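Report on one structure; see the data block that follows.
The values are calculated or read from the model by the stated rules, or taken from the named source; none is laboratory data. Predicted model, so just to flag it, every value in this text is computed and none were measured. For neighbour counting, all protein chains shown are included, and Cβ atoms are generated from backbone atoms with ideal geometry for every residue, glycine included. Note: accessible area is taken over every heavy atom of the protein model, side chains too, but ligands, DNA and RNA are not part of it. Shrake-Rupley method; radii C 1.70, N 1.55, O 1.52, S 1.80 Å.
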Amino acid sequence: MYRFLLSRQWVLLALLALVLIPVMVELGFWQLHRHQHRVAQNGLIAENLEAAPVHVTELTSPGHTVPRSDYWRRVTATGTYDTEQEVVVRRRTNSDDRVGFHVLTPLVLDDGRVLLVNRGWVPTAADQQAFPDVPAPEKGEVTVTGRLMADQTTDASGIRDLKGLPPRQTMLISSEQQAKTLGKEVLGGYVELVEPRPKDGGPELIGAPDKGSIGPHMAYAVQWWLFAAAVPVGWVILVRRELKDRRQRAAAESEPTPAAA
């Protein structure tokens, strides 16, 4: 009665099941790894945001690549803003998902080295090729506190640092690129400004990263594994149903035909 399993239809169905099971199991582990990564990142964010601020030169230096373990660490620095070398970063959104610019201003430290400070978001000008109206920062020496971030790259962000952009506009924040432009030593990475807060009408500060939500990845992982478990169960149900139908047809065919009156 089970010879039907050797038919082309059932062989293909069995092969499909054998392919789907490992694929679904792997998708479940992929979602599990995303869950674990999110949990670890939330822990890192919370730990670094709560850590006491340190001087920026304790964590970075010219040519230094900021490691992930130092992302969002609060740092302090004292210097003078160089607004003449200020640039804006294109295609950045604010908390309301409006597209505008991030304002990147060099902070010249006492030793002559430069720290790049992302002072926040400003709206786009009517002419996107024009430099936007950027409120000036405090004049003279200022002490800033901010979150340390790594240089932005095309590989990590997916954003291409296109050439031929309007003057004083860029697509990515790169300390190496700005060092070439400024002709000075620039500390690796950059800082998202937290304090001092800008005056009314100043750039909109960048909000702290979300450290609460872990997303639905664990639920998705369980779903994929349930789907994987359901495949062999479903296959067995289909086989039993087909076997039952064949037996009923065989029984019906074996019944004697009533004699004609």
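Structure data summary
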read-out	value
Under the Karplus curve 6.51 cos²θ - 1.76 cosθ + 1.60, θ = phi - 60°, whole-Hz ³J(HN,Hα) for segment 164-169, x wherever Gly or Pro sits	x, 6, x, x, 6, 10
Long-range amide H partners of SER61 with built H, under 5 Å	GLY188
Paramagnetic reach from LEU5 in segment 223-246 [backbone N under 11 Å; point 7 Å along Cα→Cβ]	236, 239-240
Accessible area per residue, Å², the chain with all protein chains present, probe 1.4 Å	61 Å²
Equivalent ellipsoid semi-axes, segment 97-152, via Cα gyration tensor eigenvalues times 5, rooted, Å	24, 14, 10
Cα-based Kirkwood hydrodynamic radius, segment 24-64, one decimal, Å	12.9 Å
Degrees between helix 8-50 axis and first principal axis of the chain (Cα, 0 to 90, nearest 10)	30 degrees
Net lengthening on full extension, THR76/ARG168 (0.36 nm per residue, minus Cα-Cα)	30.5 nm
In Hz, Karplus ³J(HN,Hα) per residue of segment 120-131 (6.51, -1.76, 1.60; θ = phi - 60°; x = Gly, Pro)	x, 9, 10, x, 6, 6, 4, 9, 5, 7, 8, 6
Distant-in-sequence amide H partners of GLY215 (H built 1.01 Å from N, under 5 Å)	none
Bins of 5 Å, starting at 0 and running to the largest distance - Cα pair percent for segment 59-141	3, 13, 20, 20, 19, 15, 8, 2
Projected label distance in nm at LYS139 and VAL25, using a 7 Å step from Cα toward the beta-carbon	7.1 nm
Modelled label reach - GLU253, point 7 Å along Cα→Cβ, segment 1-32 residues with backbone N closer than 14 Å	1-4
Measure of compaction for segment 13-115 (Cα Rg per 2.2 N^0.38 Å)	1.72
Relative contact order for the chain, counting Cα pairs under 8 Å that sit 6 or more residues apart, in percent	25 percent
Rh by Kirkwood over Cα pairs, then Stokes-Einstein D for the chain at 0.692 mPa s and 37 °C, µm²/s	142 µm²/s
Simple label model, 7 Å out from Cα along Cβ direction - LEU49 to ARG68, nm	1.9 nm
LYS244 accessible area, 1.4 Å probe, all protein chains in place, Å² to nearest 10	120 Å²
Protein accessible area in the chain, 1.4 Å probe - carbon and sulfur %	55 percent
Crossing angle, helix 217-254 versus the chain [Cα axis fit, 0-90 degrees, rounded to tens]	10 degrees
